[in-house]
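See structure below.
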Amino acid sequence: MSATPHSGQPFQHWQIQHDLDGIAWLTIDRGDDKVNSLGTEVLAELDTIVTELERTSPAGLVLMSGKQGSFIVGADVREFDATSDVQVLQDNVQKVHALFERIEKLDFPTVVAFEGYCLGGGLELALCFDWRIALDADHTRLGFPEVNLGIYPGFGGSGRAITAIGALKAMQIMLTGRMLRPRAARAMGLVDQVVDIHGSLRWAARNAVMRKKRHRRPGLVDRLSGSAPVRPLLVRQMRKQTAAKARREHYPAPFELIDAFEQAGNDQAEMIRLEAEKVPRLLAGDTSRNLRRVFRLMEQLKAQGKRSSFKARRVHVIGAGVMGGDIAAWCASRGLEVTLQDREMKYIEPALKRAESLFRRKLKKPEALAAARQRLRADVDGDGVARADVIIEAIFENREAKRALLAELKGKVSDHAIIATNTSAIPLAELADVLEDPGRLIGLHFFNPVARMPLVEVVHDPGSAPERVDDGCSFATQIGKYALPAKSTPGFLVNRVLAPYMRNAMKLHREGIPREAIDRAAEQFGMPMGPVELADTVGLDVGMGVIDTLMGEQAAEDRKVLEEMVKAGKLGKKSGEGFYEWKKGRPQRDPKAHEGHDLNDLAERLMQPYFDECRACLADQVVEDADLLDAGMIFGTGFAPFRGGPLHYLAGSGETDATPAPATTTEEDS
């Protein structure tokens, strides 16, 4: 194989070679990053290479990655903030359109062969090739995640995806941002060939070039889904389903994509033209800017997990209730060996049943399902403590019970193991002194439901050993969660902010505002669910415990309401009745109860204690800085991502006074 000349200048991000059969092997290997993304320099070099390929017309072209186990993660998101000038953005998009069209029109066979992430702009580039080959590996994923950044595919992907697989399938993956495994992508038609994990991508790619393989057009039914007679029905259904998940004023991108499809349908060129019109406007808009901020905050949280090389193999969870059982199941689903302890087997059995449901939902292959079952074991006697790398206490929220349990661990735990409590609000200092080395205890505060909530607060206080905190962050990252180091003040960060917010909702409800109006106002503001529904979802018994820990006598009236409901067996969603009656996992609402209430005004009143407490937490240095606070509230409470975080939102609203509002709870109150 010989190197190809390229006007005498070396490429920083690409290599190209020719083999004896005249096939050009093009490798993307971004020189200034650990992953490949399509930045300005990368695309400029590709333009030069395409010009040379058009001139020399090799026997075929194969595109692969020089990054181990990874292809292209998308466009370079970091460059999106370089300008908010819509005309400049439009010019940039049109340049990429022209380049990708030239690749699509190359007059020799073209093949792309990859493993790892093929996302966003990477998938849009792959769609320009005649034949697409993916390695059937667990780390290979394809998709269009652009909606998560407040845009939709803008490098020609919207038009080419519809051409490749039909409108219905293409619109589904673009509107949801769903990522596909290789075989699912093959069944859909997004890739043409899947190579077994032990097979050779290079051999498959060479074979495809030699045989001049080309992607087959989708079947008649798929082609008809974008045709003029069918399109209006499809568009109505898409708008209905999208509106059920998001408001257009909050998240305009999916609605703009539907509008484009309504106008252009199967017309690839028109869909691509509309990208150049719509995507730059979306990029310059507030929603996309704020969602890009959320992306950066997410990366900042991921970095917290890189402060230690700690890796766990075995986890022991004590307490098989909903939280403990679900933590155990989650860890087992992530490949760890887990022992689950409780007083009797009858308390562990329900957790194992819930774990089975999680495994079936997450693990598609029978062998993976069987392996997860084997990794999760009941352990009434607590034999797993001695072998565990991580021990998580997750019993009911009672200070004395937790102290007694932790005291029993003396002499049983290996020196390297993390000892953690999942307390929702109890300060570490009130638990740690029962250990031989109090500095070993950290908090690993998970949120309910464990499988859906991405954040874990890694709780510490002045007595905590810093290396143990770092180990806790690494463990949280290892199991696929975002680690947020938080100071051990009552409620830590998330519950400290949620408590006055929830209390305010209860106060408004007692004053006569319907629960439905309160929840609708919160959702209209952008929260994922209203505070009344949230209280039912978490459990009113859990809420009562948090009130006892955080609010004390000042919340006596709220506690009395909850106590009466709990005594009556109304625990919320888990018992079928709380503030709402629950049927099939859904709260039963009066659809007209909110009428006559100014929801914007109500939202402002409802959110004020939330904002006040965020500023108080920043003043108290519960987390390191404002960015981490915003990240914690987005990923821990679901604070409207399109607003970029509570402190960012307040700054943008003109509330830039750096002096924090007074806390709604004092040290004495707590």
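Worth pointing out:
- Some residue of region 563-581 being assigned to a helix (DSSP H, G or I), of a type in the set (Ser, Thr, Tyr) and modelled with pLDDT of 95 or more: no
- Flag if Asp326 is farther than 23 Å from Phe642 by Cα, modelled with pLDDT of 95 or more and among the acidic types (Asp, Glu): yes
- Restricting attention to region 387-419, the residues that are of a type in the set (Gly, Ala, Ser), loosely packed, with under 14 Cβ neighbours inside 10 Å and outside any helix (DSSP H, G or I) add up to 2.
- Of all residues making up region 582-630, the number that are surrounded by 13 or more Cβ atoms within 10 Å (Cβ to Cβ) and charged (D, E, K, R): 10
- Some residue of region 267-283 being within 21 Å of Gly156 (Cα to Cα), outside any helix (DSSP H, G or I) and either over 27 Å from the mean Cα position of the chain (by Cα) or hydroxyl-bearing (Ser, Thr, Tyr) (or both): yes
- Among all positions in region 101-116, there is at least one residue which is without any contact (Cβ under 8 Å) to a residue 24 or more places away in the chain and outside any strand (DSSP E or B).
- Annotation for region 354-371: no member residue is surrounded by 18 or more Cβ atoms within 10 Å (Cβ to Cβ) and farther than 27 Å from Arg181 by Cα.
- Of all the criteria given as (1) in the same structural domain as His97 (by TED's automatic domain parsing); (2) more than 21 Å from Val221 (Cα to Cα); (3) among the aliphatic types (A, V, I, L, M), the one not satisfied by Leu291 is (1).
- Filtered residues of region 585-595 (kept if modelled with pLDDT of 90 or more, farther than 12 Å from Arg520 by Cβ and part of a loop (DSSP other than H, G, I, E, B)): Gln588
- When region 476-498 is limited to residues that are part of a helix (DSSP H, G or I) and in contact with a Gly (Cβ under 7 Å, 6 or more places away or on another chain), the one that is surrounded by the most Cβ atoms within 10 Å (Cβ to Cβ) turns out to be Ala476.
- The condition of being aliphatic (A, V, I, L, M), assigned by TED's automatic domain parsing to the domain that holds Tyr501, at pLDDT 85 or above and under 24 Å from Thr489 (Cα atoms) holds for Ala535.
- Candidate set: region 231-247, residues that are surrounded by fewer than 14 Cβ atoms within 10 Å (Cβ to Cβ) and outside any helix (DSSP H, G or I); chosen: the one farthest from the chain's Cα centre (by Cα): Ala244
- Restricting region 121-142 to residues that are in contact with a helix residue (DSSP H, G or I) (Cβ under 6 Å, 6 or more places away or on another chain) and not hydrophobic (A, V, I, L, M, F, W, C), the residue that is farthest from Gly335 (Cα to Cα): Glu124
- Unique match (being among the aliphatic types (A, V, I, L, M) and part of a helix (DSSP H, G or I)) among Ala329, Ala320: Ala329
- When the criteria are applied in full, Ala59 fails the requirement of being surrounded by fewer than 13 Cβ atoms within 10 Å (Cβ to Cβ) and small (Gly, Ala, Ser).
- Within region 17-47, the set of residues being at pLDDT 95 or above and in contact with a His (Cβ under 7 Å, 6 or more places away or on another chain) comprises Ala24, Ile28, Asp29, Arg30, Glu41, Val42, Glu45.
- Residue within region 463-476 that is in contact with an Asp or Glu (Cβ under 7 Å, 6 or more places away or on another chain) and modelled with pLDDT of 95 or more present: no
- Subset of region 117-167 [among the aromatic types (Phe, Trp, Tyr) and not in a strand (DSSP E or B)]: Phe129, Phe144, Tyr152, Phe155
- Complete set of residues in region 454-475 that are out of contact with any helix residue (DSSP H, G or I) (no Cβ under 8 Å at 6 or more places or on another chain) and either part of a helix (DSSP H, G or I) or buried (at least 23 other Cβ atoms within 10 Å of the Cβ) (or both): Val459, Pro466, Glu467, Val469, Asp470, Asp471, Gly472, Ser474, Phe475
- Summed over region 210-230, residues that are in a helix (DSSP H, G or I), modelled with pLDDT under 95 and not acidic (Asp, Glu) total 4.
- Within region 293-317, the residues that satisfy the criterion of being part of a helix (DSSP H, G or I), surrounded by fewer than 20 Cβ atoms within 10 Å (Cβ to Cβ) and not polar (S, T, N, Q) are Phe295, Arg296, Met298, Glu299, Lys302, Ala303.
The values are calculated or read from the model by the stated rules, or taken from the named source; none is laboratory data. Just so we're clear, the structure is a prediction, and the values are computed from it rather than from any experiment. As a convention, Cβ positions derive from the backbone with ideal geometry for all residues, glycine included, and neighbour counts pool all protein chains shown.
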